[in-house]
Amino acid sequence: MAVIAGRPNRGALLPPRFSAVTESRAGSLAIFVTRRALWMIPVVFFVILITFFLMHLAPGSPWDRGGGRQLSQVVVNNLNIKYGLNKPEYQQFLLYLWNVGHFDFGLSYQYEGKTVTSLIGEGFPYTATLGVLAFLIIVPVGVGLGVLAALRQNTRTDYITMGFATVAASFPNFVVGALMVVVFSVLMAKWTQHAFFLPAADFGIDDHLIMPVITLSLLPIAYTARITRASTLDTIRQDYIRTAWAKGLSERMIVVRHVLKNSLMPVVTTLGPTFAFLVTGSLIVETVFNIPGIGRAFVTAVESRDYPMILGTTILLALVVAIANLIVDILYVFIDPRVRLT
Amino acid sequence: MQLSTRSRSIAFACSGLFVVAACGGNSSAPSANLAPPAQQILRVNTVVEPNSYDPTQETYAYEGSVGHETFEALLKPKADLSDVQAAAAKSYDVSSDGLTYTFHLQPNAKWSDGKPVTASDWVYGYQHFLNPALAAGYVDPFFDGTIAGAANYGSVDVSSASAIDSYLSGLGLSAPDATTFVIKLAHPAAYFKWVVTLWVAVPIRKDVVESAAGGTFPSTDTTKPEVWANNAKTIVGNGPFKISEIVSKDHVTMVPNNTYWGGAPKIQQLIYYFIADGNTAFSKYQTGALDIINTPVADVTVVRGDATLAKQAHLYPELTTFWMTFNTQKAPLDNADVRMAFAKSIDRNALVNDIEHGTDKAIQSFIPNGMSGYDTSDNAQAFDPTAAKALLAKAGVTASTLNKFKLLTRNSTGNKTLNQFIVNQWNTNLGLNMQLDVIDSKTVTSRIRKGNFDIYGPDGWGADYPDQQDFFDIFTSTACHNLNWGCPTLAGYDALVQKADTELNQTQRNADYLRAQKMLIDQAAVGFMYQQYEYDLIAPYANVTRTAFDDEYTPGDQNYQSAYITAH
């Protein structure tokens, strides 16, 4: 471009117009999402591959009884034929891939004539309710505690908050779950002569949710609080915060508008792992509290070697984690304009 | 009654027997005491959700507990288990050669949708059950040397519809007229009258199955024949109750079948809950949310210490025996003296009192108390540590050899506690230092199938039906690695049992089975331990006539057609 009369082309120094930014970003976002979605296919393939051969390596067949009378060999042979287990494993594997490609996840071995899809459909509302509730608690509580601790750094508030976070992060959820059952169900029922206690089994979408949701969210809250605190401490030392103070802005304005927004990036990064944790945590929490969700369905499927059910739940859980990570990556773009998706 | 794994372990086998004297309860009910229909609700914890509501596909007792109520078999056991009595068949004849059973069906039997039950429904039900492609789990007693033409069940090509059809049409099943169902047997089998009492042996409605499946289907199809059983609306049965609601993972509700030939039951809602946690069920019982439960072993002392609860508790014997299985393929356990030393060094009374709070009973023989064949005269396995040590010395076996052996144990609290006690007994009384080998249940099963263990227990058997044939077949050499995990060599045992199985003279049968039992005890084929009893809580207003013998999953495993709720 020729420079005329020594005057710079002003337009070239101006930032591109806002609409242009979103346009190009929307385009790159679409490409990004498509590419990541396509990547899920090999991810699911390897999940199936590993799960399929690992579960066939596990000792015991789906037709072995827990004890006592076993099915006769004749019946076992017919069951193997009925469910295609008489074929070589590689053929079973290819057949399964073919069926999954057609969204056919097969029949459960545990429940006569029920499809894996319908069983997952029965369990999903429970797992989703738990996960969403836990998530809704984790983000505000975790972020709130973290910001609070950072703003009151090296005070009693900070020590108590971080003390709690350290303890909470150190307890595995099966220990937390069991302890809560002992305290809030067993002992509480004893002390109050059954007048007040939290129900620990026979699940329903009501006060039964309290203990499982707390158990599930405790560790992620601690994790989120620690990350938020560190990130906030980093932010409040930035020049622009000092400028904001100098301008005489109110504390609330500084915290909400400037500190929080700029501290969120590392927190968002943890949301992916948090989501994955909720998914894997559901296996344990649903087993401890006897919740008929996907997590327990997976555990019972493993125990009874219900191969199609194991694969179906594993694929679902893998997809949930993959999609959660994808969403987190997309969120970056909206929180930090410097991030470019490639 | 013990803990869940053990409970489930035996439940498969023991069930199907228990029936309350049919309508006797109804007529003798003091009507003044009867609660109004709105209160005729009976809530029972059956612990586990059935895998299927098609009775022919049900293999565990907790599943059969629903099948019992919604369908009715040809015959049912008398309350004292001495013989069978009329049920869906008002009478039956057996030909003099013992090969042809003619069942005369109840003339006014109706399905729950009001249509008459015909003999062809029975033929279809048995054929549906015996279709090898469907691989019903409880089918053995029907093809294994009983129904004519059924023996090659295992060799039918299940990918060929014509092979299946010709197998099914070749079975000894016929319907000469609408109310006569004839079954021809391959061999005389005095116990066959018990086999037809099982919940799997029921009529099925062909038109219902096909309309739910959306039309006819080839007999090779394995999913369409079961569609009807997954929806309460399409489950049409011939039993006293019908299913009105299925809430997966929570409960199943049954209501009276008003067209039942014997009159509709008084209970207006029979609800089975699937509460796996014994303590939850116990607290629900205490708050009045359940009417019948099995008492968790941990709460037995609580119940006994509570004056009100103690009155509601009932101890029932089950036709279930437990034993320790020795792998007789491994020296020196191939030596009967060594096995006997193990069997004689367990204080069974201490075991049932200390570990199970006296809710089970010690036993040193095979056939449980309550059925034909119970005989305690053979004391060869009685607790005697001195004699046990002498047997080991006689066999020349040292402690260091036996210390390598491990007691294979399923990974549950109940089994671990029990087996730890047993190993302690051996260690104390025989001067050993043996250990447990605690492994997850599936792996244990796969190991005992392959004979890959030293000693395994508690292993047990519960009656499918109260005939000794059901028990003695376990220890035949053909059952080696199938049910007979220890595979003991017992000279003459197979022939003796086979003779008794096909004998028609009951006195002769009993004598032969008694000889077979003596072989098992005297050669310590296994170490018999205890008979299982059941400790149930039943609400005082629930009038449930009980037979003396019942199964572990009782709560659901009895017939509630004569039960009722009293005013309270």
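Annotation: amide H of A:Lys114 within the under-5 Å range of A:Ser108, sequence separation 5 or more or interchain, hydrogens built in the peptide plane.
How big is the C-alpha Rg of the stretch B:421-568 next to the rule-of-thumb value 2.2 N^0.38 Å, as a ratio?
Details: Rg = 19.9 Å, N = 148, 2.2 N^0.38 = 14.7 Å.
Expressed relative to 2.2 N^0.38 Å, the Cα Rg reads 1.36.
Applied to the stretch B:301-317, the Karplus parametrisation 6.51 cos²θ - 1.76 cosθ + 1.60 on θ = phi - 60° returns per-residue 3J(HN,Hα) values of 5, 4, 4, 5, x, 10, 4, 5, 5, 4, 6, 8, 8, 9, 9, 10, x Hz, with x for Gly and Pro. Mean projected area of the Cα convex hull of the stretch B:349-472, taken over all directions, amounts to 9.1 nm². Computed from the C-beta positions of A:Val132 and A:Ala230, the FRET efficiency with R₀ = 22 Å rounds to 0.25. Across the alpha-carbon atoms of the stretch B:74-203, the computed radius of gyration and Dmax are 14.5, 46 angstrom. Electrostatic bookkeeping for B:Leu402 treats Lys and Arg as +1 and Asp and Glu as -1; over the other residues with beta carbon under 13 Å from its beta carbon, the sum is +3. Modelled spin-label separation between A:Glu89 and B:Gln39, with each label point placed 7 Å from Cα along the Cα-to-Cβ direction: 6.2 nm. Expressed per residue, the C-alpha convex hull volume of the protein assembly as shown stands at 225 Å³. For A:Lys87, the lysines whose Cα falls under 26 Å of its own Cα, not counting residues fewer than eight places away in the same chain, are A:Lys114, B:Lys224, B:Lys442, B:Lys450. Annotation: for a label point projected 7 angstrom from Cα along Cα→Cβ of B:Ala298, no residues of the stretch A:209-229 have a backbone N closer than 13 Å.
Between helix A:156-170 and chain A, what is the angle of the helix's C-alpha long axis to the longest principal axis, kept within 0 to 90° and rounded to the nearest 10? Value to nearest ten degrees: 30. For the stretch B:298-402, a Kirkwood hydrodynamic radius built from all Cα pairs, placed in the Stokes-Einstein relation at 20 °C and 1.002 mPa s, yields a translational diffusion coefficient of 132 µm²/s. Over the stretch B:324-378, the Kirkwood radius and the radius of gyration, each from Cα atoms, give a ratio Rg/Rh of 1.04. If you take all other residues with their beta carbon under 15 Å from the beta carbon of A:Leu326, and give Lys and Arg +1 and Asp and Glu -1, the sum is +1. For the stretch A:190-294, chymotrypsin sites (Phe, Trp or Tyr not before Pro) are listed when DSSP marks them as loop and at most 14 other Cβ atoms sit within 10 Å of their Cβ; the list is A:Phe196.
What's log10 of I(q)/I(0) for chain A at q = 0.08, 0.13, 0.14, 0.15 Å⁻¹, Debye sum over Cα points only, no solvent? Cα-only, vacuum Debye calculation for chain A: -0.57, -1.13, -1.21, -1.29.
Largest first and in whole Å, the equivalent-ellipsoid semi-axes of the stretch B:161-290 read 34, 20, 17, each the square root of five times a Cα gyration tensor eigenvalue. Of the Cα atoms belonging to the stretch A:227-268, the radius of gyration and Dmax stand at 9.8, 29 Å.
Here the stretch A:55-125 yields Rg over Rh of 0.99, to two decimals, using C-alpha coordinates and the Kirkwood radius. Label-to-label distance for A:Ile327 and A:Gln193 is 4.8 nm, based on points extended 7 Å past Cα in the beta-carbon direction. What the Cβ-Cβ distance of B:Ser377 and B:His314 gives, at R0 = 30 Å and to the nearest 0.05, is a FRET efficiency of 0.55.
Ordered by the count of other Cβ atoms within 10 Å of each Cβ, fewest first, B:Lys450, A:Lys114, B:Lys344, B:Lys110 give B:Lys450, B:Lys110, A:Lys114, B:Lys344. The smallest convex shape that holds all Cα atoms of chain B, its convex hull, gives 145 Å³ per residue.
One Cα centroid belongs to the stretch A:155-234, the other to the stretch A:272-314; the line between them spans 21 Å.
Hydrodynamic analysis of the stretch A:53-178 uses the Kirkwood radius over alpha carbon pairs. Inserted into Stokes-Einstein at 20 °C and 1.002 mPa s, it gives a translational diffusion coefficient of 108 µm²/s. In terms of its C-alpha gyration tensor, the stretch B:216-328 comes out oblate, because a/c is 1.5 or above while a/b does not outweigh b/c.
Mind pulling up the Rg/Rh value for the stretch B:370-432? Radius of gyration and Kirkwood radius, both on Cα. Rg divided by Rh gives 1.07. If you line up the long axis of helix A:116-151 against the longest principal axis of chain A, both from Cα atoms, how many degrees apart are they, to the nearest 10? Relative to chain A, helix A:116-151 is tipped by roughly 30 degrees. Note on the stretch B:72-147 and the stretch B:363-424: Cα centroid distance 40 Å, given to the nearest whole angstrom. Put simply, the C-alpha atoms of the stretch A:238-293 give a gyration tensor, and the ellipsoid matching it has half-axes of 41, 12, 6 Å, longest first.
Out of every Cα pair in the stretch A:204-320, what percent are spaced more than 17 Å from each other? Within the stretch A:204-320, distances greater than 17 Å cover 66 percent of Cα pairs. Maximal additional length on extending the A:Met40-A:Thr157 stretch stands at 37.7 nm, based on 0.36 nm per residue less the C-alpha distance. For chain B, the longest principal axis of the C-alpha atoms and the axis of helix B:119-130 are separated by about 40°.
Beyond 20 Å, the tail of the calculated P(r) for the stretch B:463-533 holds 26 percent of the Cα pairs. The calculated P(r) of the stretch A:143-263, using every Cα pair and 5 Å bins from 0, goes 2, 11, 16, 15, 13, 12, 10, 8, 6, 4, 3, 1, 0 in percent.
All of the numbers you see were taken from the coordinates with simple rules; none came from a lab. Nothing here was measured: the structure is a model prediction, and the numbers come from that model. All Cβ positions, glycine included, derive from the backbone under ideal geometry; neighbour counts span all protein chains shown.
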